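Any read-out appearing in this document is the output of simple, stated calculations on the displayed coordinates, not a laboratory observation. Values in this document were obtained by computation on a predicted structure and should not be read as measured data. Here the Cβ positions follow ideal geometry from the backbone for every residue, glycine too, while neighbour counts run over all protein chains shown.
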Amino acid sequence: MPHRLLNRIGTFRLLQVMKAVSDHGSISAAANALHLTQPTVSMQLAKLAEAVGAPLYEVIGRQLYLTEAGWLAVECATDVMDAVDRLDASIGDLSGLKRGRIRFGVVTTAKYFLPHLLGPFCKQYPEIDIELNVGNRQHIIDRLKNNKDDLYVFSHPPESLDIVINEFLENPLSVIAAIGHPLLARARIPFGELADYPLILRERGSGTRHAIEAHFHQQNRAVKEKMTIESNEAIKHAVMAGLGLGILSEHTLTQGDTGQLARVDVVGFPIVHHWYWVHRKGKRFSRAVEHFLTSIKDREPSLITQPFVAREH
Ligand code: PGA
C-alpha cells in the first residue's frame, strides 16, 4: 500500500510536536512553546513512536535524549515543514503577496549588524516572518548539522560539512582597553608584548575565541587567559572595569563605548576575517529566502558596519 507510514502517522501535528521537542530540548519546554499540556505532548510522541515502530527518545537522569529513530523523525519533520513553508510562499506569490518565513542561525557577534541588514528587507516584505536563532559558533554549527535553519552567518564556517559559503563583509578583531590604560598612549606595540598581557576571552565554542587562539598559535604564543565570559557585552564591561584587555570584533563596539574603551594599536591588528552566508549544499529554498538573497545581493556592505570607538593616541 502506498504511503504506509504516512497513513499511520496520520497528522502533521505529531511531526510538529517531535520537532518542538528537539528544538526546545524537553517535553515540558515543547509543551510550553506549543501551548499544550505535558501529557498531551507525551501522548503525541507515543503515537508517533507507535507509527514509526521505534522509540524516539530516552530519558537518562532527568535529561531527554533523542534516539536515532528520533533524529530521523526530526529530519523528516523539518523537511515536511520546509515544504509547507515553500508552498505557503509560492501560493503567496501567486496572489502577488510575498509571504513566508525565513529562519536564520547566526553566531552571537553577528547579531550586532544583522538587524541592520534585515531592517530594509522586513520593510519591503512585511508579510515575511523572520526567525533569528543566535548562539556561539559551536551552537550554530550544531543547528547547521541538524538542518534547523535556512541561512547561517559565520565568520569561521565549519570545514567538515557539505556547505555553500559566500563572503559578504569584513570582520576585524581589535584589541581593546579601558581609557587610561598605559598601552593606549603608545603606537605599533609589538605582538610579543601584547601576548604577555592576560586577556578576557569568550567561552570555548566561540568563533571569536577560535580566531584569537589561531592567531596566537600562528605566532607561536599561548593565550594568557585572565577570565572567560560568555558575552561580548560583558567582556566590554570587564575591560571597562580595568580587569584586563579584550579582543573583540569591531562590530561589537558602538558609539556608546566611546569615552570608556579604545583600541590598542598592536602590530598585526586588527586581525581581519570575514563574514559568510552559509547554507547546506542542496538546501531547497522557499521563495521568501530567494527574495531575501536577491535583496542582499546588491546591498552596499558599508551600510551595515558599525560606528566606532576611538584610539587614544
Ligand atoms: P562567536 O562567533 O560569537 O561565537 O564568537 C563569532 C565568529 O564566528 O567570529
Worksheet item: For E233, what is the net charge nearby, where nearby means another residue's Cβ is under 12 Å from its Cβ and Lys, Arg count +1, Asp, Glu -1?
Response: +1
Item to complete: Could you work out how far helix 114-124 tilts from the main Cα principal axis of the chain, as a 0 to 90 degree angle to the nearest 10?
Response: 50
Response to the item:
Taking Cα atoms, the helix 287-297 axis meets the longest principal axis of the chain at an angle in degrees (rounded to 10) of 20
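Return a whole-number percent for the relative contact order of the chain, with Cα pairs under 8 Å and 6 or more residues apart as the contact set. Let's see the in-between values first.
Numbers: 515 pairs, mean separation 64.4, N = 313.
The value is 21 percent.
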Worksheet entry | DSSP-defined antiparallel bridges as percent of all bridges, the chain, nearest 5 | 55
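Provide the percentage of antiparallel DSSP beta bridges, counting only those with both residues in segment 42-153; round to the nearest 5. Provide the component values of the computation, followed by the final result.
Numbers: 4 of 15 bridges.
Percentage antiparallel, nearest 5: 25.
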Practice prompt. Rounded to the nearest 10 degrees, what's the angle between the helix 68-94 long axis and the longest principal axis of the chain, both from Cα atoms, 0 to 90?
Written response: 90
Discussion item. Along its three principal axes, how long is the chain when you only count alpha carbons? Whole Å, largest extent first please.
Written reply: 77, 52, 33
Response to the item:
Ordered by number, the trypsin sites (Lys or Arg not before Pro) in segment 129-223 that occupy a DSSP loop and have at most 14 other Cβ atoms within 10 Å are R186, R188, R204, R221
Worksheet, complete the sentence: Counting only residues 5 or more apart in sequence or on a different chain, those whose built amide H sits under 5 Å from that of W275 are F168, L169, E170, N171
Discussion item. Which one, F104, V264, C76, is farthest towards the positive end of the dipole of the chain when Lys and Arg carry +1 and Asp and Glu -1 on their Cβ?
Written reply: C76
Fill in: Equivalent ellipsoid, segment 3-108 (semi-axes from 5 times Cα gyration tensor eigenvalues, Å)
27, 18, 13
Worksheet, complete the sentence: Checked segment 181-266 with the C-alpha gyration tensor, a ≥ b ≥ c its square-rooted eigenvalues, rounded below a/c of 1.5, otherwise prolate if a/b is larger than b/c and oblate if not; verdict oblate
Worksheet entry | Electrostatic dipole magnitude of segment 1-97 [Cβ: Lys, Arg +1; Asp, Glu -1; Cα centre; debye, to 20] | 360
Worksheet item: Taking only C-alpha pairs under 8 Å that are 6+ residues apart, what is the relative contact order of segment 90-152 in percent?
Response: 48
